[in-house]
Amino acid sequence: MSDVVLRADDLAKTFRLGFLRKRIEAVKQASFEVRRGEIFGYLGPNGSGKTTTLKMLMGLVFPSRGRAEVLGRPVPDRQAKRRLGYLPESPYFYDYLTPEEFLDLVGALFDVKRADRRARADRLIERVGLSSARGRPLRKFSKGMLQRIGIAQALMGEPELVVLDEPMTGLDPIGRKEIRDLMLDLKREGRTVLYSTHILPDVEMTCDRVAMIFAGRIRNVGPLSELLTARLLSTEVCLRPGAAGLPDLPQGARKIESPDGLVIDLPADADVDAFLRAVLAAGARVHSLTPRRESLEDLFVREATSQRQGAT
Amino acid sequence: MRRIQAIAWNTFREAVRNKILYSLLFFAVLIILSALAMGNLTLHEEIRMTRDIGLFGIDAFGVIIAIFVGVNLLYKELDLKTVYTILPKPLHRWEFVLGKWLGMLLTLAVQMGVMGLVLGLTLWWQGAQFDTPMVKAVWLLFVNVMLVTSIAVFFSAFSSPFLSGFFALGCFLVGRSVPDIRALAAKLGPLAKTVLETGCSLMPNMHLFYPSGAIVGAEELSVHRDFVGASYLLTSTAYGMAYSLIVLILAMLIFRKRDFV
């Protein structure tokens, strides 16, 4: 069994819009692999080409260049789709159906027998916490409930690979946590999860590897630990000054007032030991000391900025 | 087969839960029942009036519903983005189009069945029967509606509902007038005649499905007499099905190549 469940190889998509057939390059170059059993994050700002890439992988949009393979077969392939679950961005479902009816329809599309469909639908409705709403038409569902039934329909075919397009968008913190937990559960069950997002804290909590796309071009692919530099960016010291006040701050340090006292942000090259000795000698009380290394947000902003500068 | 059946059943269920269709059905039934009042204005022609107005109601509302629902059939899936959830499932795009079309036909069959039932009850109330000519006439109208649906679905595979409706209605009106256009062509010069004859050959001849009053051979066809024979019924049905199939295959080919942005 191959270790790679999804491969995008130099994918590109150009749309031609309007009467003058204006060229819009939604995706310029997307190459990445998703490995079996991992949670893979596909990150990028709004309009960067995430959804178009996923639509190419799902066979909804035909690539202008490149090729894609899902579960060892070229896209679109019905055999591969049998082992795949997909939740589109801001999903819309047949709102006149109840969750049971909708999941029954999806099950039938996977050629699941009627009795099995019912059992699976019951299990999934329970799993996504919609038992109390099973008889209610989807038009009466909140955004969070729709997202949950969306996840349930993505799991109806018992897929090996689950692809979720912006699953956290529009959810409150509890809803986001539930989706995160569900993705981790799927991973524990041995399934592979690929999801697109621009909500970075969720990525740090869930993803084994990520790909970042900016203006239609993939900039970074790999494990977060490799993408984020280990180098120190700054050291944050929280303290309450003593009666003697503060000693002179090292060059480049910033002083920020906080309810508990002061936050001193020391540059990476500052002598932290010497500074601590000086403030303690001046009678200050040090509450905390935090070395700040590059976060996913820093990397994301750095890449987005360099992409924008490159474009101008 | 299970996948096509699932899409067809869902399309039917959507139509059954759509209040607009009930309104159209209500008006169709109202027109059929209006034949009772209109009949009183005639001299001993009440039953003839009920048959004519009843068939007109089934025909007109069948076509209106076919165009109205047909042009929205695929467009609505794109507009409401439900297609993004359904097409990534293990389903061929042609299966999706075929399922939608079959669901639509089932809806129309039920609607026309209800209209036929109301017409039958009206005739029974007047002491007449919903006899074999009437059954044949309603069957031909159903084949016609199937053809209109296929044409509406074909246009909706690549254009907006407004344009699709406009084109489908145009095809229906021209298709119904094929004998008149041919008669006109016979009186024109060779170039105009060739153009009109070619046009008539390409357009669906929907006059075949509403032949009451037409002269075939030396005899006038009428639902009030023997109407058409089995061979006419068979050839017209085969023509309607073949034309529908060709148009539907074209719709599937267009749908197969579409990007769902």
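Where a number appears in this text, it was derived from the coordinates with a stated rule and is not lab data. Small disclaimer: the values here were computed from a predicted structure and weren't measured. All Cβ positions, glycine included, derive from the backbone under ideal geometry; neighbour counts span all protein chains shown.
Observations on the structure shown:
- Choice from A:Gln153, A:Gln79, A:Gln29 with maximal GNM fluctuation in chain A (Cα, 10 Å cutoff): A:Gln79
- Compared with the rule-of-thumb size 2.2 N^0.38 Å for a compact globular protein, segment B:27-90 has a Cα radius of gyration ratio of 1.84.
- The Cα-based radius of gyration of segment B:62-104, divided by its Kirkwood radius, gives an Rg/Rh of 1.01.
- Projected over every direction and averaged, the convex hull enclosing the alpha-carbon atoms of segment A:232-293 yields 3.8 nm².
- Debye log10 I(q)/I(0) at q = 0.19, 0.20, 0.21 Å⁻¹ for segment B:94-181, Cα point scatterers: -0.96, -1.00, -1.04
- Degrees, to the nearest 10: A:143-155 long Cα axis against longest axis of chain A: 60 degrees
- Shielding by other protein chains, A:193-200, mean Cβ within 10 Å: 0
- When restricted to Cα atoms, segment A:1-107 yields an Rg and a Dmax of 15.8, 48 Å, respectively.
- Counting all C-alpha pairs of segment B:1-109, share separated by more than 25 Å (%): 37 percent
- Every pair of different Cα atoms in segment B:105-253 enters the Kirkwood calculation, which places the hydrodynamic radius at 16.9 Å.
- Shape index of segment A:57-137: Rg/Rh, with Rg the Cα radius of gyration and Rh the Kirkwood radius from the inverse mean 1/r over Cα pairs, equals 1.05.
- Qualifying trypsin sites (Lys or Arg not before Pro) for segment A:169-251 [loop in DSSP, other Cβ within 10 Å: at most 16]: A:Arg231
- Proportion of all alpha-carbon pairs of the protein assembly as shown beyond 45 Å (%): 38 percent
- The sum of -39500 (n - 2.57) across all DSSP H runs of n ≥ 4, divided by the residue count of the protein assembly as shown, sets its helix-only mean residue ellipticity at 222 nm to -17000 deg cm²/dmol.
- The calculated pair-distance distribution of chain A uses every alpha carbon pair, bins of 20 angstrom beginning at 0, and gives 28, 45, 22, 5 percent.
- Close Lys pairs in segment B:36-139 (alpha-carbon distance under 17 Å; sequence gap of 8 or more, or different chains): 4.
- Taking the C-alpha atoms of segment B:2-256, convex hull volume expressed per residue in Å³: 146 Å³
- Helix A:272-281 vs. chain A, principal-axis angle (Cα, 0 to 90°, nearest 10): 50 degrees
- Shielding score for A:103-111, defined as the mean number of other chain Cβ atoms within 10 Å: 6
- Share of Cα-Cα pairs in segment A:178-268 lying beyond 21 Å, as whole percent: 57 percent
- Electrostatic dipole magnitude of segment A:4-227 [Cβ: Lys, Arg +1; Asp, Glu -1; Cα centre; debye, to 20]: 700 debye
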